[in-house]
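Only one structure is covered here, and it is reproduced in the block below.
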Amino acid sequence: PATSPTTLATLWTARTLHPPDLRTALRCAAHTPHPTTVILTHHHLTHDQPLTLGAHLRLLTTHTPGDPPPNHHHRDHDHGLGGTDERYHHHLPPHPTATVLADTIHALLTPAPHDQPHDQAHRSGTRRV
C-alpha cells in the first residue's frame, strides 16, 4: 500500500498502468521448446483477459495482502476461464507455506493423465484415463 509519497513514487516507477499484453507474451512462449506455459499473475487478470487453459497453458494466480481472495463459489466461466478444469488453474495466498507452494508447483508442471500420449501410457504399463 502507498503510505507515503516515497512509496507512491516507488509504485509509479516500478509498475505500469497498462494492462499486460498477454497475446504477445503467449505468442512468444509458443516459439520456445517448452511444451507447457504457466502464467503467473494476480487473480483479477482473468476478469480482464479471458484465457482458455488446458494441457499446454496453465495459470497460477494470487492476491495481495488485504485484497480478498477470489470467490471460488462462482464457476470458472464467470471469471474469464471458459469453464476450464481446475487442474489447470491454481491459486496461492500471499504467504503460502512451503508445502502448499511445492504442491502447487508440482500440480502445475505435472501433465494430467489424459494429457500423456496414448503410446507413452501404454509403454509404461499404466492405462491412463
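The values are calculated or read from the model by the stated rules, or taken from the named source; none is laboratory data. Just so we're clear, the structure is a prediction, and the values are computed from it rather than from any experiment. Cβ placement follows ideal geometry from the backbone for every residue including glycine, while neighbour counts extend to all protein chains displayed.
Annotations
- Which listed residue, of 61, 46, is within 15 Å of the chain's Cα centre (by Cα), over 21 Å from residue 95 (Cβ atoms) and among the β-branched types (Val, Ile, Thr): 46
- The listed residue being of a type in the set (D, E, K, R) and at pLDDT 90 or above, out of 78, 103, 85: 103
- Any chance residue 66 is modelled with pLDDT of 80 or more, of a type outside the set (S, T, N, Q) and in a loop (DSSP other than H, G, I, E, B): yes
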